[in-house]
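Engineer: Quick one: the structure is below, questions incoming.
The values are calculated or read from the model by the stated rules, or taken from the named source; none is laboratory data. What you are looking at is a predicted structure, and each value in this text was computed from that prediction instead of being measured. FYI the Cβ positions are ideal-geometry reconstructions off the backbone, even for glycines, and counts take in every protein chain you see. Heavy atoms of the whole protein, side chains included, go into the accessibility calculation; ligands, DNA and RNA do not. Shrake-Rupley method; radii C 1.70, N 1.55, O 1.52, S 1.80 Å.
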Amino acid sequence: MFYAGLDLSRKRLDVHVLDEAGKAVAERAICPDADGLRSLATTLGLSPVRAAVESMTGARFIHDQLELHGWDVEVADAAKVKGLAPLACKTDKIDAWVLAELCRRDLVPAIWL
């Protein structure tokens, strides 16, 4: 099993992927459109993947597109994620890592879709 944290911003999606031991196996930024998501799912070639993306505009699209490629994607409540992992130094890369780690530990505060 692999665990992916997905941090969405206006023009990019930061991705951090961990293995079961918590070791980083991939870290990249992609364009958050259908082509970028398809490329992410196919070039990583990892299976199975459980992922989390924070709830915001576009999260449902990310969820739906990656689930088409066999990923199990949860949309996380952004306020609850911040409560679980308050960080003084906050960047998109760190947010992606935090989401991947929450996924790996089965602590994603998922919202219902």
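Engineer: Only one of G83, G70, G58, G45 is over 12 Å from D14 (Cα atoms) and in contact (Cβ under 8 Å) with a residue 40 or more places away in the chain; which?
Structural biologist: When all the criteria are applied, what remains is G58.
Engineer: Restricting attention to the range 17-53, and to residues there that are open to solvent by less than 30 Å² (accessible area, probe 1.4 Å) and of a type in the set (G, A, S), which single residue is nearest to D95 (Cα to Cα)?
Structural biologist: So the residue we want is A52.
Engineer: Restricted to the range 62-83, and to residues that are in a helix (DSSP H, G or I) and under 21 Å from F2 (Cα atoms), which residue is farthest from the chain's Cα centre (by Cα)? Spell out how you get there, then give the answer.
Structural biologist: Taking the range 62-83 first, the residues in a helix (DSSP H, G or I) are 62-68, 78-83.
Then drop every residue that is not under 21 Å from F2 (Cα atoms), which leaves 62-68, 81.
Details: I62: 9, H63: 9, D64: 13, Q65: 13, L66: 10, E67: 12, L68: 15, V81: 12 Å.
Checking each candidate, the answer is L68.
Engineer: Taking the criterion of being open to solvent by less than 10 Å² (accessible area, probe 1.4 Å) and either of a type outside the set (A, V, I, L, M, F, W, C) or in contact with a His (Cβ under 8 Å, 6 or more places away or on another chain) (or both), would at least one residue in the range 54-69 satisfy it?
Structural biologist: No, that holds for no residue.
Engineer: Please give the number of the condition L6 fails out of (1) open to solvent by 50 Å² or more (accessible area, probe 1.4 Å); (2) closer than 17 Å to W97 by Cβ; (3) among the hydrophobic types (A, V, I, L, M, F, W, C); (4) not in a loop (DSSP other than H, G, I, E, B).
Structural biologist: The single condition L6 does not satisfy is (1).
Engineer: What is the one condition in (1) closer than 20 Å to L107 by Cα; (2) over 14 Å from the mean Cα position of the chain (by Cα) that A59 does not satisfy?
Structural biologist: Result: A59 passes all but (2).
Engineer: Confirm whether D106 is outside any strand (DSSP E or B) and either open to solvent by 50 Å² or more (accessible area, probe 1.4 Å) or modelled with pLDDT of 95 or more (or both). Spell out the reasoning first.
Structural biologist: Working: outside any strand (DSSP E or B): yes; either open to solvent by 50 Å² or more (accessible area, probe 1.4 Å) or modelled with pLDDT of 95 or more (or both): yes.
So D106 fits the description; yes.
Engineer: OK, next. Suppose we filter the range 70-87 for residues that are touching a helix residue (DSSP H, G or I) at 6+ places or on another chain (Cβ under 8 Å) and open to solvent by 40 Å² or more (accessible area, probe 1.4 Å); how many remain?
Structural biologist: The initial filter retains those residues of the range 70-87 that are touching a helix residue (DSSP H, G or I) at 6+ places or on another chain (Cβ under 8 Å), namely 70-71, 73-76, 81, 84-85, 87.
Now restrict to residues that are open to solvent by 40 Å² or more (accessible area, probe 1.4 Å): 70, 74, 84, 87.
Summing the residues that are touching a helix residue (DSSP H, G or I) at 6+ places or on another chain (Cβ under 8 Å) and open to solvent by 40 Å² or more (accessible area, probe 1.4 Å) in the range 70-87 gives 4.
Engineer: Checking A26 against (1) among the hydrophobic types (A, V, I, L, M, F, W, C); (2) in contact (Cβ under 8 Å) with a residue 24 or more places away in the chain; (3) assigned to a strand (DSSP E or B), only one condition comes out false. Which one?
Structural biologist: Among (1) among the hydrophobic types (A, V, I, L, M, F, W, C); (2) in contact (Cβ under 8 Å) with a residue 24 or more places away in the chain; (3) assigned to a strand (DSSP E or B), A26 violates only (2).
Engineer: With the structure loaded, tell me whether K11 is of a type in the set (K, R), modelled with pLDDT of 95 or more and open to solvent by 40 Å² or more (accessible area, probe 1.4 Å) or whether it fails that test.
Structural biologist: no
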